[in-house]
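To start, the structure itself, in structure tokens.
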Amino acid sequence: MAYGLGETPSTWPAFPPRKWTAIAGNSIELPCDIIQTSGGNITWERNRVVLNGRDHETGLHINGRTGTLYATHLQLIHSGNYSCFDEQFPDAHQTHHLVVVVQPEVEVEYRERFVRTGQNVSVKCHTAGVPQPTVRWLKNDEPIKNSKNHITDGAGYLRISNVQKSDTAVYKCVAESEAGRSSDSTSLFVMDHDSPNHAAQKLFVVFFAEGISAYDADQCGIQFHIEGTSVIPGTRELLCGNNFAKCNWGSTVNVLDRYIYASQPLLNRVLVLSLQQMLIVQIVHTDNVPVKLNYVPHLDQVWIVCWRSTADTHSKTIQLVRDASQKLEHSAIHLEPLHGKYQTFSDFFPPPIQELAQNLPYTFASGSDGKSLVKIDMRSIRTIATVDLGSNGCRPQKVTYSTIGGFVFVDCVDIRHGTPRGQLVLDYVTNAVLKQDQSISGLTYISPDSRRWVNLGTDVIRIQEIRETGLFYMLDVVTPLHIADVVFHPSHSNQSYDLYATSLSKDELFLVEINSHRFMPITNIGSGTGRKLNRWGVPESRFIASDGIFGSHVITAAKNSVFVTNTVGRHIDCEIGGLPKPQYALWVYRQADEI
């Protein structure tokens, strides 16, 4: 029976909250029980923001006839509370709590490996998922029990000492959680003699004032060098400009281990380096002063932020290269014009590559007015919403994303004075401001597994755990190092990440074991320049880069050299000198058939 307009909310029956659990990638329908009573029009909200009519932006759809909320492709960001009500009786709500889980993802370090009798072997299994999956190893589909020669641990490693012919087998890593079960396998062959392994070659590529050099990660031997005064094949252009100037690099990105894109702000171009040919294969011309590059793997796009001036005037253009990993003639295109004009922005903040990125479709840029965020659909390359932060007194300085909880963290400075003004937390789905914390003054970084929030203050590193319901304090680390740059690197003791930080003034690398709350310095990594940022706003000669989920190294820079640090033994493996003003280094993997 339907209620009349004259009846009061006190006559309504109680609508108990409902809880739902669904797997990411699946669809779900949330029925509103109120429609069975009122027969009216149903409105759905999330974080007090109405969802009706915002299908394209939220990925959520509402059936006007039945009042049902449904999603055809759930993502982690959709977890949270939803409420429905009849617009004629807004005081009667029903709350639905949606929990989205992610099936385990599993990857083993090697597809196959050949070892000699008597050697020691370790194989890592990397897993991801929500909730965090448990890991176990099987040998020929039989469980492995820890013994003197066979050890498995919480970091996903299988370690076999003094291997024998009987250890030849297929080893399977199995990851399980309430969201499901996944596995990946590696084949181990024990031989009486040495046999070559056809593993990918790990290189680090350094961009510095006199050109580009690449080195083998194991031996630190040089693999190729492109002099700054060399001619780019098929052109009359020199690598670093025809006036024989020193190379000036704005940013670099690794595109699927096939290409490296490198911006040259003073030459208004982006170079494309083929890792197979070890040559510059293309010049992509851009708007003036291209500085920042970001790669979005699920869309195969390289995004380019052009300053348009050698000074940061907060009036930048955004361009992108589509099909960036393909062997094509590329060009840089603009966002869709607004009112017939290309838009300008203060800065651009694309989502970083994360394990649980779930192919995020939207990104944010800060508006040229200095007090708003502009939401951009990366698929259609057009703006779809503007979030006014003026009432919060916030000029966005940095934006980071957490797929767990669907949070957007906005580090703010005061609109007028440029002084720190805390942090805003936004909802990725609705753009609603969830919280403002004035006590936060540094820049925020999110771990690749989206589980750790790290804020770098002047002399304090604050670390918090990210859960679906918000941030939970873990620890503060007081350090006098004046941190220049940081990177997350896989832990060797658990399925999580540690934090490595370089010092602006000291020859130290600072390690924070987040889960165990331990920290330690690694010394003798050379001295920096003493300047925190170069003209493009990045750490000058003090960058740090991790070699990835199966890696055991980080690379850091000093004034005229780079250092490769072993993260297992926590010592310096090698120093490579003669590299004036190293600006960037990237880790890349060349497949055996490309070498």
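Each value in this text was obtained by applying a stated rule to the coordinates, not by laboratory testing. No experiment lies behind these values; they were computed from the predicted model shown. When we count neighbours, we look across all protein chains shown, and the Cβ atoms used for this are built from the backbone with ideal geometry, even at glycine.
In straight Cα distance, which aspartates and glutamates are under 16 Å from K327, not counting same-chain residues fewer than 8 positions off?
D257, D300, E594
Separation of the range 323-349 and the range 153-167 by C-alpha centroid, Å?
Taking the Cα centre of each part, the range 323-349 and the range 153-167 sit 49 Å apart.
Under 4.7 Å Cβ to Cβ, no partner at all: give me those cysteines from the chain, in residue order.
C306
Quick one: M474, M520, M378, fewest Cβ neighbours within 10 Å first, how do they rank?
Ordered from fewest to most neighbouring Cβ atoms within 10 Å, M474, M520, M378 come out as M520, M474, M378.
Report which label in [x] 26.2, 90; [y] 28.4, 90; [z] 31.2, 105 holds the value of Rg and Dmax of the Cα atoms in Å derived from the coordinates of this structure.
[x]
For the chain, what relative contact order do you get, as a whole percent, if you take Cα pairs closer than 8 Å and at least 6 residues apart?
Over the chain, the number comes to 9 percent.
Going by how many other Cβ atoms sit within 10 Å of their own, how do R181, R46 line up, fewest first?
R181, R46
Find the relative contact order for the range 109-191 and round it to a whole percent, using C-alpha pairs within less than 8 Å whose residues are 6+ positions apart.
40
Taking 0.36 nm per residue of sequence separation and subtracting the Cα-Cα distance, how much length would be gained by fully extending the chain between N81 and V99, in nm to one decimal?
So the extension gain works out to 5.6 nm.
Helix-only mean residue ellipticity at 222 nm, the chain, DSSP H runs n ≥ 4 weighted -39,500 (n - 2.57), per residue, nearest 500. What is it?
Counting only the DSSP helices, I get 0 deg cm²/dmol.
For the pairs K145/K165; K124/K165; K341/K371; K292/K581, flag any whose C-alpha to C-alpha distance is greater than 23 Å.
none
As an exercise, use a Förster radius of 56 Å and the Cβ-Cβ distance of C220 and D91 to find the FRET efficiency, rounded to the nearest 0.05.
Computed FRET efficiency for C220 and D91 comes out at 0.20.
Sort E336, E45 so that the residue with the fewest other Cβ atoms within 10 Å of its own Cβ comes first and the one with the most comes last.
E336, E45
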